[in-house]
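Report on one structure; see the data block that follows.
Values quoted throughout were computed directly from the atomic coordinates according to the rules given, and no laboratory measurement underlies them. Nothing here was measured: the structure is a model prediction, and the numbers come from that model. Every residue, glycine among them, receives a Cβ derived from its backbone with ideal geometry; neighbour counts consider all protein chains shown.
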């Protein structure tokens, strides 16, 4: 019986190319890269940001919220299908959370780079309360929440830097 259950579950590398929900949740295939998938997912988030940055702030925020809400479903469904809590290949949480880091931040390469590095630091390090939410809030909401909080931490630092440095 155990073997049969194992065989029914596909690996992300297999299912991402067959299941459109897994394909999106795994960052359009980027999450299947065997090393640092979260960092590669964040790079997809950078591309997403570059597509959104010229929009009015209200449109930027609405799209970001829609992507985050969609992420709850995408991550919940993909992780359930893969039999995991937070599979490393499911990088939609990094993709959808990165635009939070750049809300109302001047569009320059150096702020983009700082935002990327700060977000990755907080997403990997998971200081309190990020770590608490990561361990105690489950499902798609939990998967998204710790990345949203990491993005907010990065945004606060980046915003303070822009106040002192300017453009």
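The table that follows gives values for the structure above.
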item: Gaussian network model of the chain, Cα within-10 Å springs - most flexible of 16, 148, 117; result: 117
item: Pair-distance profile P(r), taking every C-alpha pair of the range 21-82, with 10 angstrom steps and integer %; result: 21, 47, 27, 5
item: Descending semi-axes in Å of the range 43-140, equivalent ellipsoid built from Cα gyration tensor; result: 25, 16, 11
item: Residue-span extension gain [residue 59 to residue 165] - 0.36 nm each, minus C-alpha spacing; result: 35.5 nm
item: Simple spin-label estimate for residue 109 and residue 80 in nanometres, 7 Å along Cα-Cβ; result: 4.5 nm
item: Sum of -39500 (n - 2.57) over DSSP H runs of 4+, divided by residues of the chain (222 nm, nearest 500); result: -23000 deg cm²/dmol
item: Listed residues 84, 64, 32, most fluctuating in the chain (Gaussian network, C-alpha, under 10 Å); result: 84
item: Rounded to 10°, Cα long-axis angle of helix 92-101 versus longest principal axis of the chain; result: 10 degrees
item: Alpha-carbon Rg with Dmax, taken over the chain, Å; result: 16.3, 62
